[in-house]
Amino acid sequence: MRPLLLPALPLRPHLPRPARRIAALSAISPLLLCLASAASASAASSTGSYSPDKVVVGYARRPPTAKSARSSGSELDGVEEAVRTRLVALPRGSSFTAALSRLRRQPGVAWAVPDYRAHATAIALPDDVGNTTTAEGWTALQWNFVGTFGVQAPEAWANVAADGAPGGAGVIVAVLDTGVAYANRGRFRRSPDFNSYQFVRGYDFVDKDPYPNDRNGHGTFVAATIAEATNNHYGLTGLAYGARIMPVRVLDSEGEGEASTIAEGVRYAARHGAQVINLSLEFSPGVTASDIPELISAIHYADRRGVLVVAAAGNEGHAAIAYPARAPDVVSVGATTEHGCLAAYSNDGAGLSIVAPGGGPDANLPGDPNCRPELPAGRDVFQVTFSGQSVQRFGIPPGYEGTSMATPHVAATAALIIASGVIGKHPTPAALTARLQATARKLGGGGDERLYGAGLVDAAAATAPGGPGAIATAPGSPSPAAG
């Protein structure tokens with residue numbers, strides 16, 4: 001069986017939405033304040049700003065007895081009572097340095113420190129210019145990352161950066177598609193918004209050689225959504241820009257390929273270190289699991305090896321998901337529009353896992369407040385890929401919308417979850433799926449799981465500390481290591 005490449009529909013321009021900035025509030029730990037008690041006032045002034053009219057003082061108390069500790073509920077409670085903190089106001093006109101020194105010499109004072117001021121640490125948006133010459137111009141096009149019904153990319157980037165894995169660094173995502181413009185070879189050119197360090201070795205199962213160069217543009221688009229170079233003052237941004245792509249060519253230049261070829265690609269990716277596999281492809285509606293046993297088996301093999309498989313639900317607008325997304329062990333992805341409605345072309349039905357931005361017109365769903373099919377269609381999804389038919393010309397072309405475009409948003413979010421360590425160092429596919437679904441944003445009028453699955457993928461919520469499935473850490477302890 002030969003799957004069809006998910007078709008791209010015409011561009012429908014729409015007004016851009018403004019960029020959304022984020023901020024994370026810094027705070028000063030009482031423990032750090034204790035450690036700072038030996039610092040001088042002059043050193044304090046160089047460390048940061050502080051209130052000039054007050055001092056934070058820790059007064060020592062007698063260590064609690066064993067009896068009092070037991071009565072308080074735990075030994076930890078007793079230890080915390082050993083120092084009593086007070087905010088001491090200084091007389092007007094007094095010398096801050098002298099007052100601080102006097103307080104530190106007083107009997108019973110464990111420490112005295114300035115009351116430092118915290119500040120909001122802004123996470124600057126990437127400087128990629130989009131189709132403009134202005135830094136942050138990408139925000140005018142990538143509504144799917146920063147719009148009202150986008151995946152909240154900037155917040156997710158801040159989360160994984162705080163965990164020491166910017167952009168999902170360290171995670172490998174296999175893109176099984178028409179190939180990727182990953183390298184300069186003969187007539188082929190690497191996309192100017194990729195660099196050579198973003199890729200691991202892949203394979204071409206169509207031509208049976210180790211050079212999976214793209215001949216179509218679809219695979220390059222999908223890979224760019226996942227990991228396009230970011231903050232390089234060029235083009236657009238990738239959701240998991242720190243992840244590495246494994247290009248695996250299983251579809252030909254027309255976007256078609258056999259189930260046996262795709263199965264080979266799945267097994268290759270699972271054996272060679274991929275942690276997530278993206279399948280932005282579908283079979284015709286009449287194809288069942290019994291028609292593609294080799295691919296179903298390969299997907300199960302990947303799942304047993306701990307690899308998450310993410311696949312497109314299909315673009316026929318049917319109330320049934322296409323294979324391979326319909327198979328067990330697969331996260332099936334439907335598509336939504338810029339308005340937060342199910343896309344008119346997106347398949348839905350039992351077994352739909354989640355939805356993600358795919359662009360295009362709204363479905364006609366009476367009662368859904370976000371669906372307005374009578375209005376102009378929402379915008380397409382944009383990435384850097386081939387401009388026209390040439391494999392040597394690149395741009396930001398219109399015309400890309402579909403569940404093919406939605407799927408890499410989910411694959412990239414899974415990569416960010418893995419990198420963050422929020423659900424452990426080596427999360428299973430089942431744990432990743434649960435986290436994606438538990439943190440998704442509900443859409444529709446309620447009870448619409450058939451249409452939207454668990455809801456719209458939310459990369460920020462999925463990578464945030466805490467929440468469903470998260471690994472708890474003690475206050476002040478480091479986050480779990482990235483997987």
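Quick note: the coordinates plus some simple rules give every number you see, no bench work behind them. Quantities reported herein were computed from a predicted structural model and do not represent experimental measurements. Counting neighbours? That spans all protein chains shown, and the Cβs are built from the backbone with ideal geometry, glycine included.
Structure above, values below:
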| item | result |
| --- | --- |
| Reachable aspartates and glutamates from K425, criterion Cα separation under 16 angstrom, eight or more residues apart if same chain | D163 |
| Listed residues F145, T220, A181: farthest to the positive end of the dipole of region 88-236 (Cβ charges) | F145 |
| Two-site FRET efficiency, V200 against A430, from Cβ-Cβ distance with R₀ of 25 Å, rounded to 0.05 | 0.50 |
| Added length on full extension, which subtracts the Cα-Cα distance from 0.36 nm per residue, Q106 to T132 | 3.1 nm |
| Percent of beta bridges antiparallel (DSSP, region 260-366, rounded to nearest 5) | 15 percent |
| Estimated dipole of region 249-307 in Debye, rounded to 20 [Cβ of Lys and Arg +1, of Asp and Glu -1, Cα centre] | 460 debye |
| Under 16 Å from the Cα of K54 - aspartates and glutamates, other chains or at least 8 residues apart | D115 |
| Charge dipole (debye, nearest 20) of region 120-276; +1 at Cβ of Lys and Arg, -1 at Cβ of Asp and Glu | 440 debye |
| Region 358-450, dipole about Cα centre (Lys/Arg Cβ +1, Asp/Glu Cβ -1), debye to the nearest 20 | 400 debye |
| Dipole of region 217-325, positive end: most advanced residue of P293, A263, P247 [Cβ charges, Cα centre] | P247 |
| Centre separation in Å (Cα based) which lies between region 189-224 and region 88-105 | 65 Å |
| D291 paired with Y59, simple spin-label distance in nm, labels 7 Å along Cα-to-beta-carbon | 8.1 nm |
| Options A363, F394, S346, ranked by Cα towards positive dipole end of region 329-478, top entry (Cβ charges) | F394 |
| Chain lengthening between R304 and S253 when straightened (0.36 nm per residue, less Cα-Cα) | 15.2 nm |
